[in-house]
1. List, please: which pairs have Cβ atoms under 6 Å, are six or more places apart or on different chains, and start with a residue in region 87-112 that is at positive phi and end with one that is assigned to a helix (DSSP H, G or I) and not acidic (Asp, Glu)?
2. Can you tell me which of (1) closer than 21 Å to Gly163 by Cβ; (2) in contact with a strand residue (DSSP E or B) (Cβ under 7 Å, 6 or more places away or on another chain); (3) modelled with pLDDT of 95 or more is the one Tyr55 doesn't meet?
3. Could you check region 289-307 and list, in sequence order, the residues that are outside any loop (DSSP other than H, G, I, E, B) and of a type outside the set (Gly, Ala, Ser)?
4. Give the residues of region 117-151 that are in a loop (DSSP other than H, G, I, E, B), at pLDDT 95 or above and touching a His at 6+ places or on another chain (Cβ under 9 Å), sorted by residue number.
5. Under the condition of being assigned to a helix (DSSP H, G or I) and in contact with a helix residue (DSSP H, G or I) (Cβ under 7 Å, 6 or more places away or on another chain), which residue from region 278-288 is farthest from Arg246 (Cα to Cα)?
6. Residue by residue through region 158-169, note down the ones that are among the small types (Gly, Ala, Ser), touching a residue at least 40 places away in the same chain (Cβ under 8 Å) and under 14 Å from Gly128 (Cα atoms).
7. Could you grab me the full set of residues in region 227-271 that are modelled with pLDDT of 95 or more, in contact with a strand residue (DSSP E or B) (Cβ under 6 Å, 6 or more places away or on another chain) and either in the same structural domain as Pro103 (by TED's automatic domain parsing) or among the hydrophobic types (A, V, I, L, M, F, W, C) (or both)?
8. Here is a check on your reading of the model: is Val84 of a type in the set (A, V, I, L, M), crowded, with 24+ Cβ neighbours inside 10 Å, within 17 Å of the chain's Cα centre (by Cα) and outside any strand (DSSP E or B)?
Amino acid sequence: MSILPGKSGKVIIQGITGREGRARTKLMVDIGTNVVAGVTPGQGGSRGVWGVPVYDTVNEAVEIHGNIDITVVFVPAPLVKNAVIESFASGVKLAVIVPDRVPVYDVMAIARAAGEYGARFTGPNTLGVLSPGIGVLGMIGGNADSVRKWFKPGPVGITSRSGGLTTSTAYYLSQAGIGQSTIVHVGGDSIIGLPHPEVVKLFQDDPETKLIVLLGEIGGSQEEDVAELMSTGKVTKPVVAYVGGRGAKEGTQFSHAGAIIEGSRGTYQGKVDSLRDAGAIVVDDISSIPAEVKKILDKLGIPYVRD
């Protein structure tokens, strides 16, 4: 099972004819994601991309292929707002917004539209979502051969604020023989659609996810909010966490817009303390995660991989 992509869910790619759109569509198609159409205004009816037909609008894709479940967005940042709202208005219920530098006010408008249309989104500034054995939404894994080699179905759900830590941690787990249920890079911007707490709640409700790995950073309150969910009994599955930015001081921006300390808010120690107090295992180095995960899975009698 997967918390976001599914084998039967129909996916479109907005911006499919651009450089990134073409490259990442190949990954998704090769790995078996159910990509049914692409959308690029002015390119409708042109030769398809990796066998995927191209339309001018999302509505045209819906008319031909029926209801669309997911859109993966690769359009330039200034055009993201209109593209995503167009998809929501056409009935798409999940948008994976890959571009970075999407204006904050545009993201706020997307969030309002998501509420109006009963939709949701990941990102902006996300590598996307990967469910081993099911599919990729975005660009995690790089190419299909790497995905098949290093990402195996299993009991561990990963939610991460860092693109680099997302893939590195999945690699370390795979090297240790531990599979993953779903891997979610929530995005690095200050305002995002599905932050850690929302993803963790999805993992809590997913019967295939037995343990949650949380990769946090300084800035914001996502990690503290997860700790609150744990403390109040809304999240009961084991959590192994890592928080980046230990040496950062007030006013420091750590890698991207969403990771900045402001006064006493979003500090490394505050996040670590809140997670530990709530019962999470917090490690100092991501290479320590597999050993901690194994201890918990062994104690619970849970296999490392899923057939």
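The values are calculated or read from the model by the stated rules, or taken from the named source; none is laboratory data. Just so we're clear, the structure is a prediction, and the values are computed from it rather than from any experiment. Note that we place each Cβ from the backbone using ideal geometry, even for glycine, and neighbour counts take in every protein chain shown.
1. Arg101/Ala77
2. All conditions pass for Tyr55, except number (1).
3. Looking only at region 289-307, we keep the residues that are outside any loop (DSSP other than H, G, I, E, B), and these are 289-300.
Ile289, Pro290, Glu292, Val293, Lys294, Lys295, Ile296, Leu297, Asp298, Lys299, Leu300 - these are the residues of region 289-307 that are outside any loop (DSSP other than H, G, I, E, B) and of a type outside the set (Gly, Ala, Ser).
4. Gly123, Asn125, Thr126, Leu127
5. Restricting to residues being assigned to a helix (DSSP H, G or I) and in contact with a helix residue (DSSP H, G or I) (Cβ under 7 Å, 6 or more places away or on another chain), the top hit is Ser287.
6. Correct list: Ser160, Ser162.
7. Val239, Val240, Ala241, Val243
8. For Val84, the condition - of a type in the set (A, V, I, L, M), crowded, with 24+ Cβ neighbours inside 10 Å, within 17 Å of the chain's Cα centre (by Cα) and outside any strand (DSSP E or B) - is met.
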